[in-house]
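The values are calculated or read from the model by the stated rules, or taken from the named source; none is laboratory data. All values derive from a computational prediction rather than experimental measurement. Note: ideal-geometry Cβ built from the backbone for every residue, glycine included; neighbour counts use all protein chains shown. These accessible areas exclude ligands, DNA and RNA; they are computed on the full protein's heavy atoms, side chains included. Shrake-Rupley method; radii C 1.70, N 1.55, O 1.52, S 1.80 Å.
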Amino acid sequence: MGILRAFNGQAKQEPKRGGIRATLFVYAMGGLENMAFISNAVSLVTYFYGYMNFSLTKSANTLTNFMGTSFLVALFGGLISDTYLSRFKTCVLFGCIELLGYAALTVQAHFDQLRPPPCQGLAISQTTQCQAADIGQAAILFSGLYLVAFGTSGVKAALPSLGADQFDERDPKRSSFFNWFLLSFTAGAIIGVTFIVWISTNQGWDWAFGVCTVAVLVSIMVLSMGKSLYRNNVPKGSPLLRIIQVFVVAIRNRKLPQPGIEDELHDVAGVHNEILPRTDQFRFLDRAAIEHTCDDGSTSVNLGPWRICTVTQVEETKIIIRMLPIILSTVFMNTCLAQLQTFTVQQSTTMNTHVLGIKMPGSSIPVIPLVFMFIFIPIYDCVFVPIARKITGIPTGIRYLQRIGVGLVLSAISMAVAGVVETRRKSVAREHGMVDSLQPLPMNVLWLGYQYSIFGLADMFTFVGLIQFFYEESSAGMKSLGTAISWFSSAFGYYLSSVVVDVVNKLTWYWNH
């Protein structure tokens, strides 16, 4: 009987949590959600311009503002995940919000009365004659858009951290996870910019938005299926609040002498029982952890968190400050990406889009960098990393910052190539007297493949480098916030793209007048 009871006890044991099995559900949600998001990121300019009667400039800026908000609000999703909810619950909650956004866009695209009358057959210079969307129509559009933006921001903040949490800190599979996570993102994006863009072009935008709605719904269901396998974080307070407390207490103690040795500083086990060692950088913040001496010579630490902080809390703040230069260095790269997703797609609509006898929708042009990434990510992880690891002794092959640096250089090269191609396109239009023509130029759309291919490689290096860098460098209590910060530069890149478009537009007007 004892043996039988022991056997039954083993049979009822919970399945082992974490590992590759758990990340399969994360990959699935990442691919499906990104399939919906990227398909709209590359084609919404066409929807704004052709169906909502926005001007070309307003269409581009509306998209870049939407994309920027999607990445900026990821900070809020990261805070929610670290402070109140587990990463799994955050993904489900924000996925449902994204689902509502796509549903609203589907309804608007299906009913003609929810959109302005179509405006077709006019040259670009005459589109100001089109009837603009009224307040109600614009309200539905922007409500749907920003529900999607808000929802996807939470998923993007929590999902990479949820996957990385499934491996131990020293497990080399954690490093590979980020590469394969990018591969799942890329696979979803390839389907999005081909299949869903084809649907929007040939079947209608209501069908395209409908497919996106179903894809997000399925992604939530798939992620939920793996609930019993996940290692879930336990939220223990707001990392943002802890950082603010450090600055407040450091300013309050600014007149105290700089502490010289660690014994003078207050420290206890921090979030998740983690104690971060003190570093010498940004030593002015150490004043926040100075222990207060009582009249009898003893030290008092029974003060509120707004009167004294721990060394671990101070070091968390230093980590965030150290991240700022990395964020700023990648802003301009994401500005390049925003330009490629807006005006390059619009460029393609003026060119000959027949490839091997098949008419390719302009919005599907981004499939070129995605295919490059899909091919090179496994090569990078399975071939380059093991070889580089033997040479450098670094588990990831090369350091995160080196990977980011390679991506930045490649992004600069891609924009230089884009400038050359645009010069060629305008030259062809002038030579054939087709500047305002609605007919495609005698120039094949594959010319745009040069800049896209180079940028695809740039994104492969930088995207994973950023996410992994911010995740690994963050403390245990702010992993989701750290991941969200990696999207922060994307947000400012898209906003900066809007500024660049407005500035160039005004300078061009002044130049011509």
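If you take the square roots of the eigenvalues of the alpha-carbon gyration tensor of region 427-513 and sort them as a ≥ b ≥ c, do you get rounded (a/c under 1.5), prolate (a/b over b/c) or oblate?
Oblate, since a/c reaches 1.5 and b/c is not below a/b.
Would you mind putting 489-496, 77-84 in packing order, based on average other-beta-carbon counts within 10 Å, highest first?
77-84, 489-496
So how tilted is helix 172-191 from the main axis of the chain? Cα-based, degrees 0 to 90, rounded to 10.
So the helix axis and the longest Cα principal axis differ by about 20 degrees.
Counting only heavy atoms of protein chains, what accessible area per residue, in Å², does the chain have with a probe of 1.4 Å?
With all protein chains present, the chain gives 46 Å² per residue.
Just how much of residue 502 is accessible, in Å², when a 1.4 Å probe is used and the result is rounded to the nearest 10?
60
In whole Hz, what ³J(HN,Hα) sequence does region 465-473 give by Karplus (6.51, -1.76, 1.60; θ = phi - 60°), x for Gly and Pro?
x, 5, 4, 5, 4, 5, 5, 5, 7
Which of the peptides 136-144, 391-399, 403-411 is most tightly packed, and how do the rest follow, judged by the mean count of other Cβ atoms within 10 Å per residue?
So the peptides 136-144, 391-399, 403-411, ranked by packing, come out 403-411, 136-144, 391-399.
Calculate what fraction, in whole %, of the accessible area of the chain sits on carbon and sulfur atoms when a 1.4 Å probe is rolled over the protein chains.
65
For the chain, just say rounded, prolate or oblate: build the C-alpha gyration tensor, square-root its eigenvalues into a ≥ b ≥ c, call rounded for a/c under 1.5, and beyond that prolate if a/b exceeds b/c, oblate if not. Spell out each step's value before the answer.
Values: a/c = 1.92, a/b = 1.61, b/c = 1.19.
Here the chain falls in the prolate category.
Rounded, prolate or oblate: pick one for region 132-245, where a ≥ b ≥ c are the square roots of the eigenvalues of its C-alpha gyration tensor, a/c under 1.5 means rounded, and failing that, prolate if a/b is larger than b/c, else oblate.
Oblate.
Report the net charge of residues surrounding residue 392, where surrounding means a beta-carbon distance below 13 angstrom and charges are Lys +1, Arg +1, Asp -1, Glu -1.
Net charge in that neighbourhood comes out at +4.
If you average the sequence gap of Cα pairs under 8 Å that are 6 or more apart and divide by the length of the chain, what percent do you get for the contact order?
Worked out over the chain, it gives 24 percent.
Mind checking which of 76, 109, 37 is farthest towards the positive end of region 16-232's charge dipole, using Cβ charges of +1 (Lys, Arg) and -1 (Asp, Glu) about the Cα centre?
Positive-end residue among those listed: 76.
Let me check something: with ligands and nucleic acids excluded, how do 91, 336 order by accessible area (1.4 Å probe), largest to smallest?
Output order, biggest surface exposure first: 336, 91.
Go ahead and estimate [θ] at 222 nm for the chain from helices alone: -39,500 (n - 2.57) per DSSP H run with n ≥ 4, summed, over the residue count, rounded to 500.
On the way: 17 runs with 332 residues, N = 513.
Estimated from H runs of four or more residues: -22000 deg cm²/dmol.
Dipole magnitude of region 16-232 about its Cα centre, charges +1 at Lys/Arg Cβ and -1 at Asp/Glu Cβ only, in debye to the nearest 20?
For region 16-232, the charge dipole is close to 660 debye.
Out of every Cα pair in region 16-232, what percent are spaced more than 32 Å from each other? If you can, show how the numbers build up before the last one.
On the way: 5232 of 23436 pairs.
Counting pairs separated by more than 32 Å, the tail of P(r) holds 22 percent.
Among the lysines, which fall within straight-line cross-link reach of residue 156, defined as a Cα-Cα distance under 16 Å, with same-chain neighbours fewer than 8 residues apart omitted?
Reachable lysines: 89, 479.
Can you flag which of 58/359; 359/426; 227/318 are past 30 Å Cα-Cα?
Listed pairs above 30 Å: 227/318.
Please work out how much length the chain gains when fully extended from residue 20 to residue 195, using 0.36 nm per residue of separation minus the C-alpha to C-alpha distance, in nm with one decimal.
Taking 0.36 nm per residue and subtracting the Cα distance, the gain is 60.1 nm.
Which residue, 24, 486, 458, has the largest displacement toward the positive end of the dipole of the chain when charges sit on each Cβ (Lys, Arg +1; Asp, Glu -1)?
24
Given H placed on each backbone N at 1.01 Å, which residues far from residue 441 in sequence or on other chains put an amide H within less than 5 Å of it?
For residue 441, whose amide H was placed from the backbone, the distant partners under 5 Å are 351, 352.
Work out the charge dipole of the chain with +1 on the Cβ of Lys and Arg and -1 on the Cβ of Asp and Glu about the Cα centre, then indicate which of 172, 379, 153 is farthest towards its positive end.
In the chain, that residue is 379.
Taking Cα centroids, how far is region 90-112 from region 227-241 in Å?
First find each Cα centre; the distance between them is then 26 Å.
Probe radius 1.4 Å, ligands and nucleic acids left out: which of 413, 368 has the largest accessible area, and how do the rest follow?
Heavy-atom accessible area, descending, gives 413, 368.
Could you state the number of Å between the C-alpha centres of region 129-180 and region 425-495?
16
Please report the net charge: other residues with Cβ closer than 13 Å to the Cβ of residue 220, K and R +1, D and E -1.
Once all neighbours under 13 Å are counted, the net charge is 0.
What figure, in Å² to the nearest 10, do you get for the accessible area of residue 62 with a 1.4 Å probe and non-protein molecules left out?
Here the accessible area works out near 10 Å².
How charged is the neighbourhood of residue 57? Take every other residue with its Cβ under 12 Å from the Cβ of residue 57, and add Lys/Arg as +1 and Asp/Glu as -1.
Neighbour charge sum, excluding residue 57 itself: +1.
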